[in-house]
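Rule-based calculations on the coordinates, nothing more; no lab input. Treat the numbers as computed from the prediction; the structure is a model and nothing was measured. Positions of Cβ are generated from backbone atoms using ideal geometry, with glycine treated the same way; all protein chains shown enter the neighbour counts.
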Amino acid sequence: MSNITVVLVDDHAILTEGTASILREYNFIDLVGAVNDGGEALKLVIEHKPDVLVADISMPGVSIFDIIQEIEKEQLPTKVLILSMHDSPNYVFKALNNGVNGYITKYADREEMVKAIQTVAQGDEYYSQIITQVIVKGFKEKKSQDSNDQNPINVLSKREKEVLALLVEGLNSKQIAERLFLSERTVSNHRANMLQKCQVNNTVELVRLYLDNVNKW
């Protein structure tokens, strides 16, 4: 398996240097650039087409959302992982609505940060537990008032519903696998099948569907 190429951007130079130093300790990560503003990050992304862009959600110059638009416009393979001190719903949902692939806070330890990079590089999503809790709380507060009695969750198997319920609790695939005595690959397969069955694009939409329909089970 080839190394994961990463571009890092954070408007705080000290944090950028510290995070870059950590990433360089992992021989399967190639840090191709670490900068402090969005414009420089965009140049690196266009030039190197990295697997993952690790970015703060607020920074000077070109915004992360403008960068995401350019990534989509140019059809680049780069996935976007937010690494931010902000965990308020406004920041989280703005990021989710603009197509980020993962979101962790700067309170995360190095193991979680590297796990998040690996996860999004593989095409999956990664949200730290505190971000998942923000998402769930936000969806509960804005729960749909749709009066349609049809429950789309019923297309899922009993095991898939168990996996989904644990996702809503904030568990990641590894934790779910341990809880249900499954392999992590099996859990990943269940997650992919649920997205297809429920005709949603990502885990966030799947959680929303769950919260909108859980009382109809």
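Descriptive notes on the structure:
- Legend: calculated FRET efficiency, Val214 to Glu40, from the Cβ-Cβ distance at R0 = 30 Å, rounded to 0.05, equals 0.10.
- Taking the helices alone, the chain has a mean residue ellipticity at 222 nm of -15500 deg cm²/dmol, built from -39,500 (n - 2.57) per DSSP H run of at least 4 residues and averaged over all its residues.
- If you take all other residues with their beta carbon under 13 Å from the beta carbon of Val187, and give Lys and Arg +1 and Asp and Glu -1, the sum is 0.
- For region 73-113: rounded, prolate or oblate by the Cα gyration tensor [a/c cutoff 1.5]: oblate
- Comparing Phe181, Phe139, Phe93 in a Gaussian network model of the chain, where Cα atoms under 10 Å apart are tied by springs, the biggest mean-square fluctuation is seen for Phe181.
- Residues Phe181 and Glu70, FRET efficiency given R0 of 45 Å [Cβ-Cβ distance, rounded to 0.05]: 0.55
- Answer label, with semi-axes √(5λ) of the Cα gyration tensor in Å calculated from the coordinates and candidates (i) 22, 21, 16; (ii) 38, 19, 17; (iii) 32, 19, 15: (iii)
- Region 183-211 and region 72-127 have Cα centres lying 18 Å from one another.
- Highest GNM mean-square fluctuation among Val62, Val54, Val45, for the chain modelled with Cα contacts below 10 Å: Val62.
- Nearest-0.05 FRET efficiency for Lys137 and His48, computed from C-beta distance (R0 45 Å): 0.75
- Applying 0.36 nm per residue to the separation of Ala13 and Glu112 and subtracting their alpha-carbon distance, the gain on full extension is 33.5 nm.
- Packing-based ranking, highest mean first, of 2-14, 68-80 given that Cβ atoms within 10 Å are counted: 2-14, 68-80
- Counting only Cα atoms, region 169-217 measures 28, 21, 17 Å along its principal axes, largest extent leading.
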